[in-house]
Each structure stands twice: as C-alpha cells, then as structure tokens.
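Written below as structure tokens is the structure these notes are about.
The values are calculated or read from the model by the stated rules, or taken from the named source; none is laboratory data. Just so it is clear, the model here is predicted, and its values are computed rather than measured. Positions of Cβ are generated from backbone atoms using ideal geometry, with glycine treated the same way; all protein chains shown enter the neighbour counts. Please note that ligands, DNA and RNA were not included when accessible areas were found on the heavy atoms of the full protein model with its side chains. Shrake-Rupley method; radii C 1.70, N 1.55, O 1.52, S 1.80 Å.
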There are 2 protein chains.
Amino acid sequence: MISSFSVFAPPLMGYGASDIIGEKCRDLGLTKVILVHDLGVEKAGLSQRIEKSLKNAGVEYVSFKEIEPDPTDVSIEAGARFAQQSGGIKAVIGLGGGSSLDTAKGINVLMGNPFPLSDYFLGGKPTQKGLPLFLIPTTAGTGSECTQSCIVSDTKNKRKTTIRSSNCNVATLAIIDPALTLDLPPSLTAITGIDAFAHAAESLTGNKTNPVSDALNKESLRLISKNLPIAFKDGHNREARESALLAAMMAGMGFTNSMCHLGHSFGHAIGAIAHIPHGLAIGSSIAQAICFVADATPERVKAIGECMGLTFPSGVSAEEIGRRTGEAILKLKADINLPELKSLNVTREQIIAAHPLIPKDGCYPFAVKTMTEEQIKEYLGKMYDNVL
Amino acid sequence: MISSFSVFAPPLMGYGASDIIGEKCRDLGLTKVILVHDLGVEKAGLSQRIEKSLKNAGVEYVSFKEIEPDPTDVSIEAGARFAQQSGGIKAVIGLGGGSSLDTAKGINVLMGNPFPLSDYFLGGKPTQKGLPLFLIPTTAGTGSECTQSCIVSDTKNKRKTTIRSSNCNVATLAIIDPALTLDLPPSLTAITGIDAFAHAAESLTGNKTNPVSDALNKESLRLISKNLPIAFKDGHNREARESALLAAMMAGMGFTNSMCHLGHSFGHAIGAIAHIPHGLAIGSSIAQAICFVADATPERVKAIGECMGLTFPSGVSAEEIGRRTGEAILKLKADINLPELKSLNVTREQIIAAHPLIPKDGCYPFAVKTMTEEQIKEYLGKMYDNVL
C-alpha cells in the first residue's frame, strides 16, 4: 500500500517557549495581531503572559474572547468581523484548548477568503492563504496546534463539521509551552489527556496509517500512558506535564494524516446525546473501539498494548490482544478518575438510541471494519456499562 | 531547554511509489525535467523505470549521469550548466544514493541562484527558491531525501562542506519505494544501513535533540536493528527492505533537525585518510562514539540499547549502559559483515594521525562532551582495533 505523510506546523517546544511570541511576531514584521482566547485562560493568567511578550516586543494586539465551547460558524464569523474591523491585523494567535484554537483557525480562513464560513464546510476548500497563524495550546489534548483541521458546529444543519485546509489552518508555528498547563485542574487534565490518547490509538489502528504517523503515535502512546496518571495526580510535575503536552502534539501530527475512527465516531454521537465535553465522550468509547478492531488489525492493537507496558506471549490470539489492551485502557481511565457514562445524567436507553449517528459520522469510514446495527447497539451498551 | 523541529520533505511511501513520478510531474505542469542518476542505477535498471513513468505521462526529460562519488562543486556545476543549456527544465529529479541526491540538490541550488556553487558554502545561503525537486533514494542509507543538506566536496579547499537550504534542498516530494532497493548487493546494504543507524543514534544523543526527532530516531533504531541483518542476508525480503528504507528516511528527518556528532566527526576523518566509502568509515566509529558519551547522556544511550532489544536493570550505571550498548552495535556490525579498518589498506598509525581533523569537523560541536587530544587518539586506536 502506498501512503503519504504531509508536513505539519513546525513546533517550538519547551518551558518558556510561549514567551518568544512577541519577538517572533516582531521579527516577521507582524506589527498588529489578534489574540484569540477564552475567559478561562484569562482567569488563569495565561493570556496576560502572551500579552506581556507582545507588549515587550512592541507588537500591537486586539483580543477576541467570545469563544464558545464547540464553536459555531456564527461565533467564528463574529471573531473574523471583529478582526477585520480592528484594521491592520497581520497575524492570528490562538491560545487555549481546542475550542479557542478552532476559533482562531476559523477566523484565519475568513482573513484570506470570503464569508460565509459555511462555504468551506464539507470539502469546500479555502483557496487563498490566511494570515500567519500561531497556535498555543493550554491543554494536552486536541493536538489542534499541529493539525490542518478546524472543527465547527454548523448552526444551520445542527451538526459538527470540519474545514481541512493547509492554506489557513496549518500554524506558521505551534508553540508548545508546558508552563501553560501546570495549573490545569485534574478533571480537565484527565478529559483532555484521554482524548489525546484516543487520537494516537485510533490513528495507529485505522485504514489510513503510514509509517511516520505510526512512529509519532507510538511515542505519543508511550508518553501518555506513563505521564498522564502522574500529571493527573501531581499537576506541578514538570516532566509529566511536558511529556503529556508533547504527546498530545505528536498525536495531532499523527491523526491529521491518519485520521481517527470508531472511538471518535461513537464519542461524537455519545457527546451529542449526553451533552458532555468531547474528551469525556471519547473517553467513554475508546477502550471498546480498540477492542472491537483487534481481530482485523491485531499487530497494531498489540502495539498499543506494548506502548502501555504490556508484554504478550508469542502466538497470542487476536482476541487476547484486544481484551488485554482494552483492559489496560479501562485501567488508565480509572487511574485518572474519568467519570463513567452511568454516573452522568443520561440513561442506557438514551445512549443506545444514538446508534443511527455512528455510521454517518465523518470518522466512521476510517475504521478497518464496519459494524452492523446490532453491533453498534451492543457496543453503545458496553460503553455505558464501562465493560469490554 | 527550548527546541524546535522543522518541517521536512513530505514522503510518499510504499512498493511502487516511484511509478507515480510521471503522473505527479504532469499534474504539476512540469513538462520537462532533468533526471540525475549515476551509471550504477542505470545498470540496475532503475533509471529506466523512472523514465518509463515520465514517458507514459508525456513528460520530457534529459538525463545527467556524470555523478561523482562524494560529488565536487565542479561536477555539480557541470550538471547545472547541462540543465540550463537543455532549456525549459521545470523540475529536478534525483535518483540514487547520497551522491546522486546531493548532485541533484546542488544543481537545484544553481537553478534558482547564480553560480558559483561555492558562494553557498559555509553558511552562504541560496536566497532564491530552486525548481520543484523530487528525491528518490535507491539505498537505505543517507536519508538525504528528507534532509535540507547538500554535501559537496569543495575542490578549492579540499574538504567536504554542506549547503543547508530550505529553499533549494528540501524535496517537494520524497519518494520512498523499497522496490528500488531489492537488488542492492549485501555489502552496499551493510555500508549504507550502518550509516542510517549512526544518523539515528547520533542525533538521539547530541546536544540539539528535540522530542519529535527523538520519536523518529527511536523508531528508526528499532527498525534498523531488527531489519538490517535480515535485508543483508536476504535482499529480497520485502518487509525488511521496506523497514530499512523507512528507517533511513526517518533518521534523515531526525538528523537534519538534531545533527550528528562524534560518530560522523571521526568517520569523516577516517574516510578522508583511509579513502573508504562514507558508510564504512562511519561504521568504524559509531560504537565507540556512542560508548564515549554514555556518562554524559546515559538515559539517551540507554534508549539506543533498548531500541536494539536490550533490557537494563534499574539502577544500572552509565558505564554499563555505554558498554552494553556499544557491544550491541559491534554485534550488529558483525551480523552484517561490516569490514573492520584493520582489514583494509590502512595502518593504525595512519588512522591515529587523523586526530587533528576531528575537532575541526562540522559535526564535532554537536557532541554533549568535548574530547582531549589524548582521548581522540585513544578512540581512533579503539576504532582501528574494533574494540570499545
């Protein structure tokens, strides 16, 4: 099989990396920028750190803070209008979790291409380049800083959609500064971390793998399995925070090339029904999704297990590989106290009723196996019960 | 420490990947190209395969075959003049081992920038972009297809120099087709494979590491350790050939960011004195170079050993890590029958007399430790004797 790997945003990595943003903008002649972040990031004092760097370098900035969780086209267009009315904006800086980075990417689509944003949904490509784009994650989760995707809640069709663009969504520089994640609360560390794990595990076991993604995804799985429980228990463990953030970034590089599959298909559906954060929904489905594909791609599921520290005897069956790897994922979830679906405000019946959404999900075609309706219902039940 | 990782040439990977070159050129409107390869590649029937693909797509081509081993500025300038006199050349295709790919890169520097090539030695940068560049390796060695470096023998100053350029030396597409390596003789498989191993091992243990290079280098070490002996013994083992070629490419991605250090400093000096191929010279120095840095960077040397299949007890000393990893490298060399220096036409005294060259070598500054003159002499002796 012939496969390809596309270039991604070059990362600048390490404690204090975000402090160079002002200097970097100044050196590139970017005299005025829009800084996109939410109020949580401001409350945590993180946006002030970026602002200080910009001020010190003499770079003017305006801030757009009306970020929605799972941002809609409406809020992104509002951000783009604000940027255009501000005048003289030369670059876009996204700071935060996935929603803030997606908002920044969406704004950048409209800085180079005509409104409305919906023209670029479902394969409609922004043909013109956006502005220089800087993405600075404050969670070790989405890996959005190194992907070419912008996830948008389509208000007209009431569904999530994706704009994939190397013109507007690939960062000029991704700034990976673990200092920005040190104060992330344990619950958010867990929810975002399991999402990163799922990116790596799914894009290692789908039907669009390639050897470079594989290398990055495996390193990501090793780093997350070891460091996520440490970062969860001791948020100020600098090494664990750094490893978790790097792992999320590498998984971003991996899945923007090799795509997610069933974990995300189920997770999207569960999230829509249960109205829970993306990472929590993905966390509820990932163990079962990986277990399900073990018979079709045993060596790759085995690789996940090995990256998590398991050893398998030679001649081990695909079933055993799936079961033991699935159990290791359930244990990882338990180690970070990830809430189970049954503890949330949703019934087993409601979850199972989500079944028609799964085959329609954008990630579903990247699985190595299809599922019958009965299997989908069965697996939704297992996900609710948190069993394999 | 803040580190960065730069984008590299996007690879197209897999058996048969090189057959799309014609189509790719046609789709990009590249109506006429120069194909750069040596006579060995022609004799092996590999250039004909590329020519057929170009013909089938209606892409005109001229061929430049006067490739020197360790190409000089003189031969590269001859190639560039030939390309310019041919008229209407829209792209450069390099096909072969490191010398052919370096020649193609050097020609491309001069397709976008004024003669002479020496203007771009030692940090003189080609400011203008070259033509679209396609690099197709036929050995699993240099990884040159994914680096931004062009190695040139400087005829005026009688030394090797490097042109580093993202404008002219980074391929538009690197085409990684293991089919082109199936008939590589065992001796060349060994010599080029150990060079790839050294790229990964050195750039994992130098002073310019970064986490993305680390992930790629470690995967490269795992793949080479497992597959190089298989490819050496059974050249037509398709999986081993593919893994070896992918490993060489990933090491290229790694070391173009993180640089080689003492293995290459010693290897360059030994090669210049003994007049032996690059890979053979590097093979003579890599085990001792890695062993030498073990006390300064034990965890990273341990990672090399682990990628080679070693396990270390907890609390293992740096000395033990260095010794056991060095022994594993000596064993790998023995497994692929790599000739020892003492079996070649060079004396121990001649090798030790190379010592002044080592601290002047371009790779030397990337080591985590400096060496005294006495240490350099001692290590040259160990390399000659093939002991740690």
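Brief remarks follow.
- Candidates are the residues of the range A:329-349 that are free of Cβ contacts under 8 Å to residues at least 24 places away in the same chain and closer than 15 Å to A:Gly283 by Cβ; the one that is surrounded by the fewest Cβ atoms within 10 Å (Cβ to Cβ) is A:Ser343.
- Breaking point among (1) surrounded by 24 or more Cβ atoms within 10 Å (Cβ to Cβ); (2) away from chain A (no Cβ under 14 Å), for B:Leu182: (1)
- Residues of the range B:296-328 that turn out to be more than 26 Å from B:Glu340 (Cα to Cα) and free of Cβ contacts under 8 Å to residues at least 40 places away in the same chain, as a count: 10
- B:Met1 meets the conditions (1) open to solvent by 10 Å² or more (accessible area, probe 1.4 Å); (2) within 14 Å of chain A (Cβ to nearest Cβ); (3) not in a loop (DSSP other than H, G, I, E, B) in every case but one. The failed one is (3).
- When the range A:247-261 is filtered for residues that are on the phi < 0 side of the Ramachandran plot and open to solvent by 20 Å² or more (accessible area, probe 1.4 Å), only A:Phe255 remains.
- For the range B:53-82, a residue qualifies if it is in contact with a helix residue (DSSP H, G or I) (Cβ under 6 Å, 6 or more places away or on another chain), in a loop (DSSP other than H, G, I, E, B) and under 20 Å from B:Arg26 (Cα atoms), and the qualifying residues are B:Ala57, B:Val59.
- Considering residues of the range B:209-218 that are under 15 Å from A:Pro10 (Cβ atoms) and surrounded by fewer than 24 Cβ atoms within 10 Å (Cβ to Cβ) only, the residue farthest from the other protein chains (Cβ to nearest Cβ): B:Asn210
- Of residues in the range A:164-179 being modelled with pLDDT of 95 or more and open to solvent by less than 10 Å² (accessible area, probe 1.4 Å), the one farthest from B:Ser3 (Cα to Cα): A:Cys168
- Restricting attention to the range A:310-323, the residues that are open to solvent by 60 Å² or more (accessible area, probe 1.4 Å) and under 20 Å from A:Gly283 (Cβ atoms) total 1.
- Of all residues in the range B:45-85 being aliphatic (A, V, I, L, M) and surrounded by fewer than 19 Cβ atoms within 10 Å (Cβ to Cβ), the one that is nearest to B:Pro178 (Cα to Cα): B:Ala57
- Matching residues in the range A:4-28 - criterion: being in contact (Cβ under 8 Å) with a residue 60 or more places away in the chain, more than 12 Å from chain B (Cβ to nearest Cβ) and open to solvent by 40 Å² or more (accessible area, probe 1.4 Å): A:Leu28
- Within the range B:225-277, tally of residues that are more than 14 Å from chain A (Cβ to nearest Cβ) and under 28 Å from B:His355 (Cβ atoms): 20
- Taken over the range B:140-158, the criterion of being touching an Asp or Glu at 6+ places or on another chain (Cβ under 9 Å), open to solvent by 20 Å² or more (accessible area, probe 1.4 Å) and in a loop (DSSP other than H, G, I, E, B) is satisfied by B:Thr142, B:Thr155, B:Lys156.
- The residues in the range B:169-223 that are β-branched (Val, Ile, Thr) and assigned to a loop (DSSP other than H, G, I, E, B) can be counted, and the count is 3.
- Of all residues making up the range B:234-273, the number that are without any contact (Cβ under 8 Å) to a residue 40 or more places away in the chain, part of a helix (DSSP H, G or I) and farther than 17 Å from B:Ala174 by Cα: 3
- Count - residues of the range A:117-133 that are closer than 20 Å to A:Thr72 by Cβ and open to solvent by 50 Å² or more (accessible area, probe 1.4 Å): 4
- Within the range B:33-52, the presence of at least one residue that is more than 14 Å from every other protein chain (Cβ to nearest Cβ), part of a helix (DSSP H, G or I), farther than 30 Å from A:Ser243 by Cβ and in contact with a Phe, Trp or Tyr (Cβ under 8 Å, 6 or more places away or on another chain) is confirmed.
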